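Q: Please find one structure pasted underneath; my questions will follow.
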Amino acid sequence: MWWKILLIVLILILIGWAATMTILSAIARQPDNLGVHDGKLAPCPDTPNCVSSQAEDDAHRMAPIPFDGDADEALARLKAVLAAQPRTTIISAEGDYLHAECASLLFRFVDDVEFLVDRDAKVIHFRSASRIGRSDLGVNRKRIEAIRKDFDSLPLARP
């Protein structure tokens, strides 16, 4: 008998948590620090739910995405990769900067993913960060690894 009550309480807690997370995800607004500032993307916060090719600490840093050939072709290839990602929407693409939003499957948590093409160095810098929460269980890092893999596997595209 007691286990039925415990099960009901656990189910109610889970439903409450899911509803809270869904509401928080829906009301989480786009951060105001997105974009390029002094030639760089915003730094990652102290939380572990962000990765960036421009981060100075090892916990957040990943290598930028290198490309061969023309920067406009690389940007077109990147757009094609992002367009093929599930639950990913390109929000803006201006010059060498691109901003996309990625939503999680279950609770629709939104992560902001930004890219900045460095034409001289022939690399694409990025920042991928969760809007809410502290931990992302490595989702942003895995996302960038998948984008890098897909980018490398696509043939050169013409803009």
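The values are calculated or read from the model by the stated rules, or taken from the named source; none is laboratory data. All values reported here derive from a predicted model rather than from experimental measurement. Glycine gets a Cβ as well: all are built from the backbone with ideal geometry, and neighbour counts include every protein chain shown. SASA here: full protein model, heavy atoms, side chains in, ligands and nucleic acids out. Shrake-Rupley method; radii C 1.70, N 1.55, O 1.52, S 1.80 Å.
Q: When the scattering of the chain is computed by the Debye formula from its Cα atoms alone, each counted once and equally, what is log10 I(q)/I(0) at q = 0.18 Å⁻¹?
A: -1.08
Q: Any chance you could give the angle, 0 to 90 degrees and rounded to 10, that helix 139-153 forms with the longest Cα principal axis of the chain?
A: Compared with the principal axis, the helix lies near 40 degrees.
Q: For the stretch 93-99, in order, what is each residue's ³J(HN,Hα) by Karplus, 6.51 cos²θ - 1.76 cosθ + 1.60 with θ = phi - 60°, in whole Hz (x at glycine and Pro)?
A: Each residue's phi maps through the Karplus curve to give 9, 10, x, 9, 10, 9, 10 Hz.
Q: How large is ³J(HN,Hα) for each residue in the stretch 46-54, as worked out from phi by the Karplus curve 6.51 cos²θ - 1.76 cosθ + 1.60 (θ = phi - 60°), to whole Hz, x for Gly and Pro?
A: Once θ is set to phi - 60°, the couplings for the stretch 46-54 become 6, 6, x, 9, 8, 10, 7, 6, 9 Hz.
Q: Another one. Taking the C-alpha atoms of the stretch 98-159, how large are the radius of gyration and the largest Cα-Cα span, Dmax, in Å?
A: Rg then Dmax for the stretch 98-159, in Å: 13.3, 40.
Q: Moving on. If I measure Cβ to Cβ between cysteines in the chain, which ones have no partner under 4.7 Å?
A: That list is CYS102.
Q: With a 1.4 Å probe and every protein chain kept in, tell me what percent of the accessible surface of the chain is carbon plus sulfur.
A: That fraction is 61 percent.
Q: Once phi is turned into θ = phi - 60°, what whole-Hz ³J(HN,Hα) does the Karplus curve with 6.51, -1.76 and 1.60 give for every residue of the stretch 70-86, x standing for Gly and Pro?
A: Values per residue, Gly and Pro as x: 6, 5, 5, 5, 5, 5, 5, 5, 4, 4, 5, 4, 5, 5, 8, 6, x Hz.
Q: Right, next: Quick check for the chain: number of Lys pairs with alpha-carbon distance under 27 Å, counting only pairs 8 or more apart or on different chains?
A: Lysine pair count for the chain: 9.
Q: At 222 nm, what helix-only mean residue ellipticity would the chain give, in deg cm²/dmol to the nearest 500, using -39500 (n - 2.57) for each DSSP H run of four or more?
A: Calculated from helices alone, the mean residue ellipticity at 222 nm is -11500 deg cm²/dmol.
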